[in-house]
Amino acid sequence: MIEPSILEDKTFKLLGCVFFGDPFHSAKEWSSENEIGKLWQRFGALSYKYNLLLNKICSDNDIALELHLEPDEFKETKNYYVMVGMEVSNIDEIPLELFLKILPKTSYLVFTTSMANKFELGAFIYKEWMPKNNFNQAFPYVLQLYDRRRYKGLEDPESEIDWYIPIKKL
């Protein structure tokens, strides 16, 4: 399988739309019909509406992010937060309909995978790679990074995404 890179001491400032609950109750994973797909559609509409402002505050207009954050009750309820959006460098002025989340400064394992291998990656990271290399997850979230230059859509098996997993050494 693939080897990750490590990104040291990064703070992400995310601006986007948020959902809480079971995002797959209406459609399966990796579908534009589930709540995550609908969230991306809402974010797309708001990005268009606030295009000029977002172009000024966004860190890289070719990159979008999806955050999956598990609250304390996740194991019992299977409900969690999903945020889709972009990284911003300036938070002085943000649109009212969008939410800001500043993630803690930490180091990340960064895995790149194709859409064809997306399901195998999670098991590999948590059950094999992290224990073998003496890492634990530092915070209960995962970021998925979608770079327009490498991501061509859900149905394209050659599309690539990056998984950012906050880590701490054992």
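All of the numbers you see were taken from the coordinates with simple rules; none came from a lab. Since this is a predicted model, take the numbers as computed values, not measurements. With ideal geometry, Cβ positions are generated from the backbone for all residues, glycine too; neighbour counts draw on all protein chains shown.
Given LYS10/LYS152; LYS78/LYS132; LYS75/LYS168; LYS101/LYS168, which pairs have Cα atoms separated by over 24 Å? Mind showing how you got there, number by number?
Values: LYS10/LYS152 26 Å; LYS78/LYS132 27 Å; LYS75/LYS168 22 Å; LYS101/LYS168 21 Å.
In this structure, LYS10/LYS152; LYS78/LYS132 exceed 24 Å between Cα atoms.
Put simply, the chain fits an ellipsoid with semi-axes of 25, 19, 17 Å; these come from the alpha carbon gyration tensor as the roots of five times its eigenvalues, largest first.
Please check which bits of segment 1-22 a label hung off ALA138 would reach, taking the label as a point 7 Å along Cα-to-C-beta and the cut-off as backbone N under 17 Å. Under cut-off, by backbone N: 4-14.
With respect to the chain, whose longest principal axis is taken over its alpha-carbon atoms, helix 35-49 is tilted by about 40°.
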